Structures are given as structure tokens and as C-alpha cells.
Amino acid sequence: MTVSLRRSVVPSAALGADERNLVEEFVAEQIRPVAAELDQTERFPRELYAELAKIGIFGTTVPEHLGGMGASPLDYLFVMEALSYGYASVADQCGLIELIGSLLAAFGTPEQHERYLRPLLAFEQTCAYALTEAGSGSDLGSISTRAVREGTGWVLNGEKIYIHNAPVADFALVLAVTDPEKGKRGGISVFVVDLAVPGVTRAYHEHKMGQRASQVGGLVFSDVRLPADALLGEEGKAFGYMMEVLAKGRLGIAGLALGISRAAVAAAVDQAGDRRQFGQPIGANQAIAFPLATAYTELRAGVALAAEAARALGDGSAESGVLCSMAKLTASEGAVRHADTAVQTFGGSGFIRGYEAERLYRDARITRIYEGTSEMQRLIISRSLLPRPA
Ligand SMILES: Cc1cc2nc3c(=O)[nH]c(=O)nc-3n(C[C@H](O)[C@H](O)[C@H](O)COP(=O)(O)OP(=O)(O)OC[C@H]3O[C@@H](n4cnc5c(N)ncnc54)[C@H](O)[C@@H]3O)c2cc1C
């Protein structure tokens, strides 16, 4: 039996065969054909996202009565893997909407649901998730963006960097200190900020190694006056809120990385069969075939671990956070290795722009960094193994 790498092997829970086919056909017909062009032009594919919204793909785990799909984390893993097999930037957009959608659904007021969540899931509004600052990346508890009470509202000052969608977003969830004495233990809050209000500047537009259709930039807030209802949930609770969605975010990046791995293995297998040297396909050499066997085995192991993490998350298991970290670590480090295997299988053409292996190699690299670096995942996993120092 020969396996097909054209179909996702990530299982699903709520999604049936018809829904899976709909997603995979969309990927094959509308995403894969434009991936190289999007990479080259760094264009934000609004039309593609509008079509994805029409088939109801955004907000996979957001309850149906709030405009989402009402499905499970396992279905979300499938969606992310399937989209990323098409092009990682598209999955990244879906992951961002899922995270913001989950936060708004869980902690937003009915007014915030109507004003932000529904338009977000329908792709009528675009969002950003603004946590990182120049002095605060892995250590988010050290942010310095500050929101100070003024009358019934707030005044926001600070600068965020490397924010996905910052150049195109209509609104952002912004993490800010509201009580410096308490810091991350009750002193950090999250605000829904309309980016068209006075005092907001879109600072710069980054040009990245990979996932180049994802728009990334900075946001500067200078005396931005926010109404009282800009606060999401309760004052001082943002760190706890973030921890609640962090595991889902990591699961999503695990899915995205697995999609890159599948695309890399598929491209390499095709090349190993098509390319002939010394009178035979290069795949007839074990030196080419064995790395593909290893990559495919690691890919399937990564899927199994990520599916276990997704089920644990859906069940509310205490282990789900660590499992999602393990899934992200395994899948992201695997994606980088498997894209490298694809480049090697392609030989010189693997280094040339326009070949899929070259793009996948660049697209994979960030998965070891964003949504918590590999080192941060290892920190979380090791803490679950070792006793805490006194
Ligand atoms: C393309 C892209 C998109 C992004 N999108 C967003 C977004 O939408 N919103 C957002 O808020 N942020 C976003 N980020 C920021 C991203 O989350 C951070 O870059 C990431 O968390 C790492 O932070 P840092 O860059 O400050 O690295 P640092 O925290 O400075 O880390 C540098 C290195 O030191 C290691 N390190 C740090 N502390 C420790 C430790 N205690 N033990 C061991 N190693 C350690 C890290 O693992 C890393 O290898 C994005 C970044 C990129 C590049």
C-alpha cells in the first residue's frame, strides 16, 4: 500500500467527511496554487480569507451561538494542519482569529461579542494580538505598556513589536500594565483597542524570512483614550486569561508545523520519484529514501502526540498544557528538519526561489520561535518533571 500525502491524517471529532473534504478541496484548489505568488509578493490575501469565512472555518472552537463552528480542539488541529499544507500564512491567520475569538467568546460582554467577535469571524474586521515589546518577549510579565485610569476610561501608552496583522488590523487586543505594584499577579489587563482612534500609529512593516504573506509590524500607543468598555473581562486578570488560551495557541502552531512537514515530505517524495540521476530515480538510493522514511515516521508521531494534546484540551485535563507544549515542540522542530530533508532531496533546485522546498524551509523556521520558543516549551515540560526549587 502506498500512502497519500495529499490528505490530512489528523483525526477529527465534530467534523464529518463532507466538512473535511470541503476544507481539503479549498486548500487544493484555492490555497496551494497561490502560495508561491503570495510568498513572492508578501500580499495580504483578503479575498482568500473572505472565502474561508464564507465556508465558516474561522472560530473552530468558538460556540455556534456566537458565530463559531462549535467544534473541538481536535477539529481545530485538523483545520490548522490542512490549511498549512496549503500555505502556512493562511493557517497563521486562522490561528490568530481562533485565539482572539476564544478570548472574546470567553471573557467579552454581549456588546463586545456583537461589535468585535461576530465581525471577526465573518472576516468583516481584522484583528491583532499585541503582547510583545522590545524589552519583553519570552518574559511577558515584564511588559511596560501602561493603561492609567482617567475618569471612567483609560489612557494607554506604550509600544508593541512583531505583531501579526498590525499593518492591516481594525482592532487589537492589547496587553497593558494597570497596576505596576502587582505586576503579572493581578496588575496586567487586556484592552480591545480600535486602531483608527487618535494616538495609535502603525509603526513599521517587517519583511520576514518566511510566512511572508503574514503582515507583521509595530503598534505605538501615545495617550490613546479608551472608554471603560474597552477593558476585556476584569481588571488585572489578563495573565490568567492568556494562560487559558495559550495551550490552544500552541496546539494551533503544532498543527501549522505538521502541515508544513506534510507538504515537505510530499514534495520530497515526488522529487525522489521524478528526478533521475545515474539512470534511475534518485529515490532508488537509500541515502535519499531513508531520510524520507524518518521524516514521515516523525510526522505521524507528531500527529499522534498533537491529537492526544487536543483531546486532553477538549476534556479539560490538567495535563493538557504540558501536552500542548510537547506537541508544539515536537511538531515545530520536526517541521524545520523535514523542510531541510526536502531541500536536500531537491539538490540545487531546493535552494532556488519558486521551488516549494525552498519556501517551506523558510516558512518552517518561525514555528520554533513564536507562540513561545522551543526553549520556553522545554522549560514548561521540565517543570512538570522536576520538583520546584525551594
Ligand atoms: C513572525 C512573527 C510573528 C509574531 N507575532 C506576534 C503577535 O502576533 N503578537 C505578539 O505579541 N508577538 C508576536 N511575535 C513575537 C514572538 O512571540 C516573540 O518573538 C517570541 O515570543 C520570542 O520573544 P523575543 O523575540 O523577545 O525573544 P527573547 O525572549 O529575547 O529570547 C531570545 C532567545 O533567548 C531564549 N530565552 C529567553 N529566556 C530564556 C530562558 N529563561 N531560558 C532559556 N532560554 C531563554 C529564547 O528561547 C530565545 O532563543 C511574533 C514574532 C514573529 C517573528
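Laboratory data are not the source of any read-out in this text; all were calculated from the coordinates shown. Treat the numbers as computed from the prediction; the structure is a model and nothing was measured. Cβ sites come from the backbone with ideal geometry, for glycine too, and all protein chains shown count toward neighbours.
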Subject >> Extension reserve of the Arg149-Glu319 stretch, reckoned as 0.36 nm per residue once the Cα distance is removed >> reply: 57.4 nm
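Classify the range 129-186 as rounded, prolate or oblate from the Cα gyration tensor: take a ≥ b ≥ c as the square roots of its eigenvalues, call it rounded if a/c is under 1.5, otherwise prolate when a/b beats b/c and oblate if not.
Oblate.
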Original post:
For the chain, what is the convex hull (Cα atoms) projected area averaged across all directions, in square nanometres?
Top reply: 20.1 nm²
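Which FRET efficiency, nearest 0.05, do Glu124 and His207 yield, Cβ-Cβ r, R0 45 Å?
0.95
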**OP:** First check a/c for the range 169-267, with a ≥ b ≥ c the square roots of the eigenvalues of its C-alpha gyration tensor; if it is under 1.5, answer rounded, and if not, answer prolate when a/b is larger than b/c or oblate otherwise.
**Re:** oblate
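Find me the longest stretch of the chain that has none of the exposed GluC sites (Glu not before Pro), where exposed means in a DSSP loop (not H, G, I, E or B) with at most 13 other Cβ atoms within 10 Å. Don't skip to the end; give the middle numbers.
Numbers: sites that count: Glu124, Glu181, Glu234.
For GluC sites (Glu not before Pro) (loop position, at most 13 other Cβ atoms within 10 Å), the longest site-free span of the chain is 235-390.
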Original post:
Separation between the Ala287 and Leu386 pseudo-spin-labels, each 7 Å from Cα along Cα→Cβ, expressed in nm?
Top reply: 4.1 nm
**OP:** Would you mind working out the magnitude of the charge dipole of the chain relative to its Cα centre, with +1 at each Lys and Arg C-beta and -1 at each Asp and Glu C-beta, to the nearest 20 Debye?
**Re:** 940 debye
Original post:
In whole Å, what is the distance between the alpha-carbon centres of the range 8-54 and the range 340-390?
Top reply: 22 Å
Subject >> Asp229-Glu51 pseudo-label distance in nm [points 7 Å out on the Cα-to-Cβ vector] >> reply: 3.7 nm
Original post:
To the nearest 500 deg cm²/dmol, what mean residue ellipticity at 222 nm is calculated for the chain from DSSP H runs of n ≥ 4 alone, each contributing -39,500 (n - 2.57), summed and divided by the residues?
Top reply: -15500 deg cm²/dmol
**OP:** Taking the Cα centre of the range 239-385 as origin, work out the dipole magnitude from +1 charges on Lys and Arg Cβ and -1 charges on Asp and Glu Cβ, in debye rounded to 20.
**Re:** 200 debye
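Between rounded, prolate and oblate, where does the range 212-345 land on the alpha carbon gyration tensor, with a ≥ b ≥ c its root eigenvalues, rounded for a/c under 1.5, else prolate if a/b exceeds b/c? Please report the intermediate quantities before stating the final value.
Numbers: a/c = 4.90, a/b = 2.07, b/c = 2.37.
Because a/c hits 1.5 or more and a/b fails to exceed b/c, the range 212-345 counts as oblate.
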Subject >> Positive-end extreme of charge dipole, the chain - chosen from Tyr85, Thr294, Thr145 (charges on Cβ) >> reply: Thr294
Subject >> Unit charges at the beta carbon, dipole of the chain: most positive-side option, Met242, Leu103, His65 >> reply: Met242
**OP:** Take the cross-link list Lys208/Lys237; Lys160/Lys237; Lys182/Lys208; Lys182/Lys328; Lys54/Lys328 and give me the ones stretching past 24 Å between alpha-carbons.
**Re:** Lys208/Lys237; Lys182/Lys208; Lys182/Lys328; Lys54/Lys328
Subject >> Antiparallel %, DSSP beta bridges [both residues in the chain], to 5 >> reply: 80 percent
